[in-house]
Structure formats: C-alpha cells, structure tokens
Amino acid sequence: MSLFVQKFGGTSVASIQHIENVARRIIATRDSGHDVVVVVSAMGKETDRLFSLAQEVGDLGSATKREMDVLLSTGEQVTIALLAMMLKKLGAPAASFTGSQAGIATDRSHTKARILKIDKERLLNTIKAGVVPVVAGFQGMDDEGNITTLGRGGSDTTAVALAAILNADECQIYTDVDGVFTTDPRVVSTARCLERVTFEEMLELASLGSRVLHTRSVEFASKYKVPLRVLSSFSDKPGTLITEEDDAMEQPIISGIAFTPDEAKLTMRGVRDIPGIASRILGPISEANIEVDMIVQNVSADGSTDFTFTVRRDDYDQAISLLENVARDVEALEVNGDNNIAKLSLVGVGMRSHAGVASRMFRVLSDENINIQMISTSEIKISVVIEEKYLELAVRALHSAFELGTESAVEVKG
Ligand code: ASP
Ligand code: MG
C-alpha cells in the first residue's frame, strides 16, 4: 500500500462534471489499495475573477494584502467542499480542510507567504480513519491567526509540502497537459512528452518558461526528495516523473528546450573597469525589484569595458531610465538597449559528460543564419539571446537537430 498526494489544478475542477471525474479518479486510486490525500485549486479562473473584483475596489497597496488573502483563499474553499461532497455521494468517506485546518503554518508575508511548518496530526488521524482529506491548496495561516496565500500557482507547493511531511510515495500534479514536454508543442508539433526528468532540469525548464509547475514546488520536492509526477486528469497517460538523477540510467544529452520570447537587453558602454562598478550598475535595478537574468561584462580594453544584461520586457522602460541615471553617475559613454530579443536554452544533465553540445548548437543557428547576441552557460544549460522574430525558427531547428521529437506530431489542444 502506498500513500499518494494528488493535486488537481483549476482546469481539472472547473465544473461539477469535472469534480465528479476527479472524484472517480481518487476513488479508483483508493480501490487499488492506496491512501490518498487530495489538494485542490480554485475552480477554473476563479482566482483571476476574485483578483479583478479587488481591483475594482482599487487601492491594492500593502494595506489591503491581508484582505486580499482572505478573498483569494475563498476560491479553494469552494472546491474542497464540493469535492468532499462529491466523494461522499460516490461512496468514499471524505472531509474538507482549509489550509489552517490541515495544520499549514506560514510566515506573515501576505500574498506570497512561505510554509514554515505543518502539524500533520489531524491529517494522519483522518487517513487512519479511512477518510480522504481534501485540502485547500495555496493557503495557510500565520502565527497571529491570519489567513495567508502562497502566491499564484501555489497549490503545487501545498501538495509537495504535504507529500514531504507525510512521507508520500509520490506527489501527483494533475493538470490539463500530458506532462512535461521537450519544448512547447504549440511551437514544435513533434514535441515529445518526457517520461522522466531530473529536479535540476525541471527547475531550469520551469523557470525558463515551461509553465507546468510552480517553481517553488520543484525546489521543495528536490530538497525533500519527493518524487513528483505531472499528468493529465483528462487522459490515462503516465505523465512525467520528476526525480533525482539516477546514475544507473543513461541520460539523454538534451532533455528539453526552454524559451522566453518577451525579453529585453540593456548595455552600458565605456564604463571604467574598477571595483564596484557592477554593483553600482545593478544596485538600483534590484532595488526597483527588476529581475535581471543574463549578465555579461566584456574583457576591458584601455581600462574601460561594456556591461550588458537582460530583463523582462515589461521592465525595460523603467530599467533604461534607471540605467541612464547610473551612466551619468559613473561617467559611462552611453546606454543603449533592445527590447526585441528572446532567450532560448538547451537543458540537459547529460551535457556534463558530453562535449561539443554548445558548438553543435551554434552551428545549427548559423545554418539558419540566426545571429547570436549573447551566450551564457551552466553545467546543464546553454542559453543564447537572439532576435525575437527568429525564436520559433531556432527552436524548431534545434529540436530537430538534437532529435528531441517524436516521429509523428502530437495532438495540440486549444
Ligand atoms: N488558485 C491559485 C491560482 O490560481 C493557486 C493555484 O491554483 O495554484 O493561482
Ligand atoms: Mg498551476
């Protein structure tokens, strides 16, 4: 007998009919002799709806964050009640629990709280009594008894945290896609659903835009070694298992290609090559809460150098004006930028033991006449910045050159 945490996302519980399907899946797992702890999201786009109601009220400053959490947490509360009712109707004993009822304690950062500890007594007793606990994802309670939420997409993290504390055999994240793909199937029709991927690769793929899992949930799963499976609640396919690297298995060199289209780059030219310059350039950017991704500083010539970094396109205008101020301060030659760039990364743990991946990648891009503007590498990733209009071409060319696809095209929904 195993214990599974099964998490169902918004699209999987979008209507009563969907909730019935989910209940039948849970019952089928129980019928094959396993215990199940269920975590759910709000129905469909409910969180978005609640969020826009709050926006209609206006004033979304920090003063209203506590109330925002009270509001947003109601979405999950509706789903736990309905699913528990449905399970009972279909003959399975079940009980709904809000985050705090399930013992989930968080810090006090409203709208982006972190789980600090989980008191598992109540859930354990529920399981022992043969009852299915249905827990509201995305929420908890701080030490003053306030409702908190974990940030958008946070139900995945609730599921993984419960799986860790309950020592579950697997945390299964049910969603509306078959699993984690080699790249976005909307761009490459032969993209293949991966059977298995390592935590490390998944973190690169998730943060680089394969928006299947909440990044923090993968970090959590990796830290506590919780096997994580992403699978569809609309099919019976096995999905993708995300686990630790297994030396016994032959690793593919490349597991996937991640990309983000909406990036921008900024360059400061002619900055003096002296200690403290990088921090003077990036300090104001990080104070403005702008996330910086790739950073490249040139080797200096004649005591001066160039400094280039990328940000999300939304942050471009603000970043440019901050940088112009800095440029005056540090007496740089000029600032320029480009907000029509995209980033593309090859990810794979097999790169560690295979040379020549980068040169092969660059050759493929050159054969397509695509200019590489920036390059950065890590042990399991090679990223390039290119002009945005060539992004899809580049992804397709690399996907086929590295033979990542299936023979036949996958069916693309929606
Ligand atoms: N309902 C929340 C959201 O839409 C949390 C989640 O679904 O993971 O972001
Ligand atoms: Mg989600």
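In deg cm²/dmol and to the nearest 500, what is the mean residue ellipticity at 222 nm of the chain if only DSSP H runs of at least 4 residues count, each as -39500 (n - 2.57), divided by the residue total?
My calculation for the chain gives -10500 deg cm²/dmol from helical runs alone.
Got a sec? How would ASP142, ASP107 order by Cβ neighbour count within 10 Å, fewest to most?
Sorted ascending by nearby Cβ count, the order is ASP107, ASP142.
If each residue's Cβ is checked for other Cβ atoms within 10 Å, how do TYR390, TYR174, TYR316 rank with the fewest at the top?
Going from sparsest to densest Cβ surroundings: TYR390, TYR316, TYR174.
Whole-Hz ³J(HN,Hα) for each residue in region 17-24, computed from phi via Karplus 6.51 cos²θ - 1.76 cosθ + 1.60 with θ = phi - 60°, x for glycine and proline: what do you get?
Each residue's phi maps through the Karplus curve to give 4, 4, 5, 5, 4, 4, 4, 5 Hz.
Loop only by DSSP, 15 or fewer other Cβ within 10 Å of the Cβ. Give me the trypsin sites (Lys or Arg not before Pro) in region 1-57 that pass, ordered by residue number.
LYS45
List CYS193, CYS171 from most exposed to least, where exposure is judged by having the fewest other Cβ atoms within 10 Å.
Placing the least packed residue first, the sequence is CYS193, CYS171.
Can you tell me the Rg and the Dmax, both Å, for the Cα atoms in region 109-260?
16.5, 51
Using alpha carbons only, how many degrees (0 to 90, rounded to 10) separate the axis of helix 391-401 from the longest principal axis of the chain?
The angle comes out at about 80 degrees.
Would you mind getting me the FRET efficiency between GLU392 and ARG24? Use the beta-carbon distance for r and R0 = 45 Å, nearest 0.05. All intermediate terms of the calculation are to be shown ahead of the outcome.
Numbers: r = 39 Å, r/R0 = 0.87.
Using R0 = 45 Å, I get an efficiency of 0.70.
Only bridges whose two residues both fall in the chain count here: according to DSSP, what percent of them are antiparallel, nearest 5?
Just about 65 percent of them are antiparallel.
Count neighbours as other Cβ atoms within 10 Å of each site's Cβ, and list the GluC sites (Glu not before Pro) in region 313-356 that are DSSP loop with at most 11 such neighbours.
Working: sites: GLU324, GLU331, GLU334; in loops: GLU331.
Taking region 313-356 and a limit of 11 other Cβ atoms within 10 Å, the loop GluC sites (Glu not before Pro) found are GLU331.
Evaluate the charge dipole of region 81-174 about its Cα centre and quote only its size in Debye, nearest 20, assuming +1 on the Cβ of each Lys and Arg and -1 on the Cβ of each Asp and Glu. Provide the component values of the computation, followed by the final result.
Numbers: 10 positive and 9 negative charges, 50 e Å.
Dipole about the Cα centre, nearest 20: 240 debye.
Report the Cα centroid-to-centroid distance between region 241-299 and region 36-89 in angstrom, as an integer.
A separation of 34 Å, based on Cα centres.
Just want the answer: with Cβ charges of +1 for Lys and Arg and -1 for Asp and Glu, which residue in GLY270, LEU123, GLY337 is farthest toward the dipole's positive end in the chain?
LEU123
Just to be sure I understand the curve: with the Debye formula and one point per C-alpha of region 25-91, what is log10 I(q)/I(0) at q = 0.11, 0.13, 0.20, 0.25 Å⁻¹?
Evaluating at q = 0.11, 0.13, 0.20, 0.25 Å⁻¹ gives log10 I(q)/I(0) of -0.40, -0.51, -0.83, -1.07.
GluC sites (Glu not before Pro), restricted to region 237-306: which are DSSP loop and have at most 11 other Cβ atoms within 10 Å?
GLU250, GLU291
Could you tell me the relative contact order of the chain? Use alpha-carbon pairs under 8 Å, at least six residues apart, and round to a whole percent.
14 percent
Pick from LEU213, LEU344, LEU322: which is most flexible by mean-square fluctuation in a GNM of the chain where alpha carbon atoms under 10 Å apart are linked?
Among LEU213, LEU344, LEU322, the largest mean-square fluctuation in the Gaussian network model of the chain belongs to LEU322.
Averaging over all projection directions, find the projected area of the Cα convex hull of the chain and quote it in nm² with one decimal place.
Result: a mean projected hull area of 23.1 nm².
Kindly state, as a whole number, the per residue volume in cubic angstrom of the convex hull around the alpha carbon atoms of region 179-278.
186 Å³
Just so you know, all these numbers are worked out from the coordinates, no wet-lab data involved. Predicted model, so just to flag it, every value in this text is computed and none were measured. With ideal geometry, Cβ positions are generated from the backbone for all residues, glycine too; neighbour counts draw on all protein chains shown.
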